[in-house]
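The values are calculated or read from the model by the stated rules, or taken from the named source; none is laboratory data. None of the values given here were measured: they were computed from a predicted structure. Cβ placement follows ideal geometry from the backbone for every residue including glycine, while neighbour counts extend to all protein chains displayed.
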Amino acid sequence: MESAAPAGRPLDLVRPMLATPGSVPQDEGWAVEFKWDGYRGVAHCQGGSVQLISRNDLDFMQRFPELEVLPGLLHHRTAVLDGEIVALDQEGRPNFGLLQQRNKLVPGVRELRPSRPRIAYFVFDLLHLDGRSLLSAPYDVRRAMLADLGLPGDHAVQVPPTFMSTDPADVLHVASQYGFEGIVSKRVKSRYEPGRRSPAWVKTPFRYTQEVVIGGWRVGQGNRAGRLGSLLLGAHDGQGALVYVGHVGTGFSQTVLADLQRELEKRERPTSPFAVEVPREHARDARWVEPELVGEVEYRQWTSDGRLRHPAWRGMRPDRDPSGVRLPPPG
């Protein structure tokens, strides 16, 4: 382990270690955790104070005052914790859409705190404790020391499970059954690498595909200035109306962008083809097209307001009739 820091010295900010995307590891020596759908935050606790710092160095404490209980739960010890801030739905599952709603709250959020916290900090790593750095300690040692802190299991601060001797594929299956975002596999003997996307941590999220109708496009910026920047996507609801499901701007090669733009320019129309209003920030400067082209996107999940989350373009589907592109059934 690294040497202890002088008592009373302010804690240096620790950048979170990042996981590398990949498939489920096949060899031995991995621990597995569920992948939580929220905001990553490293908590720097010293005495009665706490800073919960995001990947881009924002302090989340004003936005999530529920987590001010953390120093008390640690009995005012000095510690640095790594974890995920999540919003829990009525079944206790992380819901990214609920977390987005918190972003819209103004100062005075303390008055809106429910009696049972809907915001939780899921702590999955311990990086410093009482002036001693644990960055060089193996993952399994850090997790054991985290468990010894005795943080409660049903509170605004929680320690989620880790599976030290379970096949990652089995944990992935359980994650799919419970609607989690995926899993993260971590080498049991790996050290903590601040700020680095390391192969010692492998994230395996679930991805799904959806056929979509192209209803418009927007001109890009930067290296896409004057050219296609993003597509406005739709699918038909149960009544056959074309509803807006989101926009996609990633997953294209330069050749695909040029070919798509030529096809879309042939189909331009003056008004939106969608039966519902497209959000202003996406409709602004949109170039509408006849809804004749079908493509396919890969995405993470559907949001509560019927939008594709994190879509990426997969390709055109000339074998599909636009009228047959439907929203998935509820649930």
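Of the set (1) buried (at least 18 other Cβ atoms within 10 Å of the Cβ); (2) over 29 Å from residue 185 (Cβ atoms), all apply to residue 38 but (2). Beta carbons closer than 8 Å, at least 6 apart along the sequence or on distinct chains, never pair a first residue in segment 262-284 that is within 18 Å of residue 239 (Cβ to Cβ) with a second that is surrounded by fewer than 10 Cβ atoms within 10 Å (Cβ to Cβ). Among the residues making up segment 42-76, a single one is of a type in the set (S, T, N, Q) and in contact with a Ser or Thr (Cβ under 9 Å, 6 or more places away or on another chain): 46. Among the residues of segment 201-240, those that are without any contact (Cβ under 8 Å) to a residue 60 or more places away in the chain and farther than 24 Å from residue 267 by Cα comprise 222, 223, 239. The set of residues in segment 237-279 being buried (at least 16 other Cβ atoms within 10 Å of the Cβ) and either touching a His at 6+ places or on another chain (Cβ under 7 Å) or on the phi > 0 side of the Ramachandran plot (or both) consists of 242, 246, 247.
Residues that are crowded, with 17+ Cβ neighbours inside 10 Å, hydrophobic (A, V, I, L, M, F, W, C) and more than 30 Å from residue 169 (Cα to Cα) do not occur anywhere in segment 18-35. The residues of segment 153-187 that are of a type in the set (A, V, I, L, M) and either surrounded by 18 or more Cβ atoms within 10 Å (Cβ to Cβ) or not assigned by TED's automatic domain parsing to the domain that holds residue 34 (or both), listed by number, are 156, 157, 159, 171, 172, 175, 183, 184.
Taking segment 280-305, which residues are more than 30 Å from residue 37 (Cβ to Cβ), of a type in the set (D, E, K, R) and crowded, with 18+ Cβ neighbours inside 10 Å? Scanning segment 280-305 gives no hits.
Taken over segment 306-331, the criterion of being buried (at least 17 other Cβ atoms within 10 Å of the Cβ) and assigned to a strand (DSSP E or B) is satisfied by 308, 313, 314.
Listed here are the strands (runs of 3 or more DSSP E) enclosed by segment 212-299 that have at least 1 residues being in contact with a helix residue (DSSP H, G or I) (Cβ under 6 Å, 6 or more places away or on another chain) and more than 19 Å from residue 328 (Cβ to Cβ): 228-236.
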